[in-house]
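No lab work stands behind these numbers, since they all come straight from the coordinates. In this text, all values refer to a predicted model and were calculated from it rather than measured experimentally. All Cβ positions, even for glycine, are placed from backbone atoms using ideal geometry, and neighbour counts span all protein chains on display.
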Amino acid sequence: MKKLFRAEILRFFEKFSKIILNFQKMTKICVSIAEKNPEKLFQKIEKATKSGADFLEIWLGEIENLDENLFKKIVEKAGKMPLLGNCKNQKERGNFAGDDAQKTEILIAASKFGFDFIDFDFEISDELLARFSAEKNPKTKLILSAHFWDGTPNLHHLLRVAEKMRAKNADILKFAATAKKSKEVISMMRLAEKCSAKKMPHIVISMGNLGKMTRFFAPLFKNEMTFAALDEKSATAPGQVSARVLRDFWEKNLRK
């Protein structure tokens with residue numbers, strides 16, 4: 001299996017090596033911030049804008065007493081930096097206690113206040129997704145995401161999910177799966193390759209230590225963005241590294 005893994009890595013890198021020439025134009029670093037206290041949230045947003053990030057992901061379901069004024073302050077603190085909003089329940093490894101209808105209301109509000117991307121779990125109902133699409137800011141892009149916390153499904157299953165996302169008119173398809181074996185990282189690499197061939201904008205991440213390479217080499221996967229932590233203590237997913245570490249790696253190793 002180790003020989004297969006090495007061979008697949010070399011094949012993949014050889015195929016996509018030309019991307020190194022213009023990787024900065026393709027993959028962005030999105031810093032994830034999950035903070036319940038509004039004042040601490042604003043401090044982290046300010047810090048993140050200086051961290052090497054391109055985008056900010058705000059976990060809206062974590063924020064205490066989220067209201068119109070807080071939305072305005074988040075957008076104000078972010079300045080010109082694009083914002084991505086999500087609202088994750090316990091199944092999604094978040095702490096939002098409301099139902100999907102309440103989640104949709106929050107994400108519609110985020111879009112109207114100027115968030116550039118909104119992330120829904122791909123299993124959101126067609127009815128709620130249609131409501132979001134009808135009421136959102138037309139400029140907001142829809143990310144549909146699938147997380148597999150207990151391991152990585154086979155490539156056939158992943159591709160079926162991708163087609164479901166595309167059928168729901170997702171602007172970007174996001175996949176994050178825990179890698180327990182090398183072959184599971186290979187499955188995610190092949191998924192990225194298939195999405196690229198079908199011209200489906202995507203984010204493909206293997207979670208955990210084994211999957212860290214998919215974060216460091218996100219440009220070679222043609223990912224629209226990859227997610228990073230504000231610092232080592234603030235990771236929101238297994239295997240996530242800081243934006244500064246990621247940016248430094250790209251500058252030293254991927255810049256031609």
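State the extension gain, in nm to one decimal, for the chain segment bounded by Lys47 and Asn209, taking 0.36 nm per residue of separation less the distance between their alpha-carbons.
Between Lys47 and Asn209, full extension yields an extra 55.7 nm.
Which distance in Å, rounded to a whole number, links the C-alpha centroids of the range 237-256 and the range 25-87?
20 Å
Kindly state, to the nearest 0.05, the FRET efficiency for Asn154 paired with Glu232, given R0 = 35 Å and r defined as their beta-carbon distance.
Details: r = 33 Å, r/R0 = 0.94.
My answer for the efficiency is 0.60.
Could you list Leu220, Leu107 in order of exposure, starting from the residue whose Cβ has the fewest other Cβ atoms within 10 Å?
Numbers: Leu220 23, Leu107 26.
The fewest-first ordering by Cβ neighbours comes to Leu220, Leu107.
Helix-only mean residue ellipticity at 222 nm, the chain, DSSP H runs n ≥ 4 weighted -39,500 (n - 2.57), per residue, nearest 500. What is it?
-12500 deg cm²/dmol
Between the alpha-carbon centers of the range 95-111 and the range 185-205, tell me the distance in whole angstrom.
If you average the Cα positions of each part, the centres end up 29 Å apart.
What distance in nm lies between label points placed 7 Å from Cα along the C-beta direction at Glu76 and Glu123?
3.9 nm
For the chain, what is the relative contact order in percent, using Cα pairs closer than 8 Å and at least 6 residues apart in sequence?
22 percent
Quickly work out the Asn69-to-Asp171 label distance, labels modelled 7 Å from Cα along the C-beta direction, and quote it in nm with one decimal.
3.0 nm
Helix 243-253: angle to the longest alpha-carbon principal axis of the chain, degrees 0 to 90, nearest 10?
That helix lies at roughly 30 degrees to the long axis.
How far apart, in nm, are two points set 7 Å out from the Cα along the Cα-to-Cβ line at Lys180 and at Lys36?
3.1 nm
Roughly how tilted is helix 100-112, in degrees to the nearest 10 and between 0 and 90, from the longest Cα axis of the chain?
Helix 100-112 sits at roughly 90 degrees to that axis.
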